[in-house]
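Input: a single structure, listed below in C-alpha cells.
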Amino acid sequence: MVHSCRNCKRTFATKLELELHRDTCTDAQLFCECCGERFPERRATKDGWHYECPTEDCSGAGIDDDLHRVRDAISVMQ
C-alpha cells in the first residue's frame, strides 16, 4: 500500500515513513499571525478540523483567521 502526504503529494512505502515525513514537510507549516511562530500543522490540531496555535499563552486559532499556511503566504509575497 502506498501512503501519500496530502500536503506535498510525496509517496511513501510505509505509514511510519509518512508519519516521520509529516514532522518535516515544509508544505504543512503554519504561521501564527498573533505570536509570529511557525510550526508543523499537526502540532496545531488534535482532530484535523479545529486548529489553534500550540504556543503557550497564544490565543491564535483557525485556519485563515489567525493561522495561515506558510506556502500560501509565500505565494502571495511572490
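The values are calculated or read from the model by the stated rules, or taken from the named source; none is laboratory data. What you see is a predicted model; the values in this text were computed from it and never measured. Cβ atoms come from the backbone with ideal geometry, glycine included; neighbour counts cover every protein chain shown.
Number of residues in the range 3-45 that are aliphatic (A, V, I, L, M), more than 24 Å from Thr55 (Cβ to Cβ) and at pLDDT 90 or above equals 2.
Taking first residues from the range 56-78 that are modelled with pLDDT of 95 or more and partners that are of a type in the set (Asp, Glu) and not in a loop (DSSP other than H, G, I, E, B), the Cβ contacts under 7 Å between residues at least 6 apart in sequence or on separate chains come to Gly60/Glu52; Ala61/Glu52.
Residue by residue, here is whether (1) of a type in the set (Val, Ile, Thr); (2) at positive phi; (3) in contact with a Lys or Arg (Cβ under 7 Å, 6 or more places away or on another chain) holds:
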| site | (1), (2), (3) |
| --- | --- |
| His3 | no, no, yes |
| Arg10 | no, no, no |
| Lys15 | no, no, no |
| Cys25 | no, no, no |
| Asp64 | no, yes, no |
| His68 | no, no, no |
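Of the residues making up the range 2-29, those that are aliphatic (A, V, I, L, M) and touching a residue at least 12 places away in the same chain (Cβ under 8 Å) are Leu18, Ala28.
Set side by side, the residues Cys5, Cys53, Cys34 differ, and just one is over 12 Å from the mean Cα position of the chain (by Cα), hydrophobic (A, V, I, L, M, F, W, C) and surrounded by 12 or more Cβ atoms within 10 Å (Cβ to Cβ), which is Cys34.
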